[in-house]
Structure formats: structure tokens, C-alpha cells
Amino acid sequence: MSASVLYDTPGPKARVRNRIYAVLGTVAIVALLAVSVLRLSDKGHLDPAMWDIFNYAGIRQNIADALLSTLKAFGLAAVGSLVLGVLLAVARLSDHRPVRMLATGFIELFRSIPLLITIYAVWVAFLTDYSMWALALGLSIYNGCVQAEVLRAGVNAVPKGQREAAYALGMTKTQVMTTVLMPQAIRSMLPTIISQLVVTLKDTSLGFVILYPELLYSARLIASNTQVNGQYPYVSTIVVFGAIYIALCLALSALATWIEKRGRRAKTGIAVAHAGAPGTDAEAGALEPAGDAADGPGITKN
């Protein structure tokens with residue numbers, strides 16, 4: 001029997017077949033992992049000495065400094081991309097054709113250019129001695145264009161009746177955008193906005209091209225300048241720094257989930273007064289005319 005239009009409940013044969021596929025897939029994945037571990041072990045990449053290098057104070061300090069540099073660049077890029085995204089989204093939704101065309105051209109241009117080229121061009125042309133600002137500016141430009149499209153989609157998704165009602169109340173275009181459309185767009189598109197911020201965080205690794213000492217740059221230095229038993233610890237370095245990136249992305253995703261849940265619990269709007277039960281004093285007081293004025297002039301009660 002069909003559970004929905006797009007999904008049929010599997011029968012007995014289908015359930016058995018799905019279990020067989022699941023077992024075979026699990027066995028294949030475990031076999032691939034086992035082969036990878038054995039090959040790495042044979043080449044000496046899993047020796048304890050390869051991992052003991054991270055107990056050195058100098059390497060730990062290098063990782064801490066790289067993490068701080070990454071967070072600095074990400075913080076600047078996150079703020080810059082969100083501010084630029086709002087400005088570009090408002091400009092592209094403008095009623096003025098020149099403003100709309102200029103914003104559209106800017107967005108389409110920098111979305112088409114690879115991010116690495118943008119970062120390198122900004123560094124070479126303007127900020128050769130300031131690699132952090134070059135990285136942050138390049139990330140802000142590209143991700144700001146993406147955030148602008150996300151916000152524009154959120155604004156267009158707001159029902160037109162709300163915009164018309166706001167104009168009917170005498171609100172200006174700026175008031176409608178800032179108090180009616182944009183807050184709803186941000187709330188509805190928050191998961192997509194946070195997802196793009198996660199991409200921004202990972203794209204800070206492109207800073208190694210302009211010699212900015214972020215995590216990937218530090219990982220390359222550690223892996224290429226440290227020898228253990230005649231080998232370079234590339235595998236252990238990739239695992240450690242990959243775990244750091246995963247932890248940062250998970251923390252950002254958890255923050256986004258917390259913000260979304262908090263926004264859903266927020267009590268906004270005008271509270272509606274509860275009507276009294278039928279026949280109670282509250283209902284009678286609400287329906288009864290106030291004072292003797294309701295009886296009309298010159299009329300007295302018996």
C-alpha cells in the first residue's frame with residue numbers, strides 16, 4: 001500500500017533486498033578502509049612518532065597562531081559578505097534601472113570569476129603588504145554576491161500582500177524593506193546564509209596562495225619541514241588540520257541551529273486579548289454600552 005505519492009512502502013522482498021544491499025555496501029566500505037589503513041601502516045605513516053610531533057610546544061604554538069589568523073580572516077569576510085550582500089540585494093531590487101543594472105553586473109561578474117583569481121588580483125593590485133585584508137576582501141566580494149542572491153530570493157518569497165499592506169499604511173520604500181521584507185527574508189533564508197558562511201570559513205584556506213599564515217599554510221610548513229624517520233608527516237598533518245576544520249564548521253552549524261531555534265521561540269507581534277466565557281461579567285462589560293449616554297438624552301432608567 002502506498003504511503004505517499006512519491007514513496008511506496010517496500011514489501012517483504014524489497015526489504016530483504018535492501019538489507020542485502022546495505023550489508024554489501026557496509027562490507028565494501030570497511031574493506032576499503034582496511035586496505036587504506038594497511039597501506040598507510042606499511043609505509044610508516046601510522047607510526048606513533050608521526051603523531052608525536054604535535055606534542056612539541058613550537059608546533060602547537062604554530063597551530064594556535066594559524067587558527068587565530070584563520071578566525072580573523074573569517075570574521076572580517078563574514079561581516080563584509082553579509083553587509084555587501086544586503087546592499088547588493090537592495091540595489092538589485094531597486095526600482096531605478098541604472099542601480100539595478102549596476103548591481104546585477106557586479107554580481108554576475110564576480111560570481112563568474114574564480115575566487116582564487118579574485119583574491120590574488122586584490123592582493124597584487126591593492127594590498128600586497130596586507131595579505132589578511134586581501135584575503136578578507138576577496139572573500140567578501142565573492143560571498144557577498146552569493147549572499148545577495150540568497151537574500152533577493154528570500155525577499156521575493158515574501159507574499160506580495162504584506163508589501164501592499166505596508167504601502168497602504170503609508171510606509172516608505174525604505175521602511176518596507178527594512179522592517180517588513182528583509183527581516184522575513186533573513187529568517188526564512190537563514191540556513192542557506194549559514195551554509196554560505198561555512199563555505200566562507202573553508203575558503204580561507206586559499207590564503208596560502210598570497211602567503212597568509214592560516215591553517216593550510218601552517219599545515220604545509222609543518223608537513224614539509226619536519227622529518228620523522230626519514231619521512232614527512234603528511235598524513236598525520238592532514239588528519240589533524242582536517243579535524244580542526246571539521247570542528248570549526250560543526251561549531252558554526254551548531255550556532256546557526258541555536259539562532260534558528262531561538263528565533264522560532266521569540267514572541268513577536270501584538271498579543272490577542274482572550275474573550276470571556278459566555279454569560280460572564282467580562283463579556284457583559286465588553287458588550288454593554290458605557291454609562292447613561294447610551295440611553296439617549298432625556299431618558300432615565302426606572
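What you get for the stretch 1-114, charging only the Cβ of Lys and Arg (+1) and of Asp and Glu (-1), is a dipole of about 460 debye around the Cα centre. Taking only protein heavy atoms and a 1.4 Å probe, the accessible area of the stretch 119-203 is 63% carbon and sulfur. Taking every protein chain into account, the accessible area of the stretch 66-221 amounts to 51 square angstrom per residue (probe 1.4 Å).
Per the Debye formula on identical point scatterers at the alpha carbon atoms of the stretch 186-239, with no solvent, log10 I(q)/I(0) at q = 0.22, 0.25 Å⁻¹ is -0.82, -0.92.
Highest mean first, the peptides 73-79, 113-119 sorted by other C-beta atoms within 10 Å per residue fall in the order 73-79, 113-119.
The values are calculated or read from the model by the stated rules, or taken from the named source; none is laboratory data. This structure is a prediction, so every number in the text was calculated from the model and none was measured. Positions of Cβ are backbone-derived with ideal geometry, glycine not excepted, and every protein chain shown enters the neighbour counts. For accessibility, only protein heavy atoms count, side chains too; no ligands or nucleic acids. Shrake-Rupley method; radii C 1.70, N 1.55, O 1.52, S 1.80 Å.
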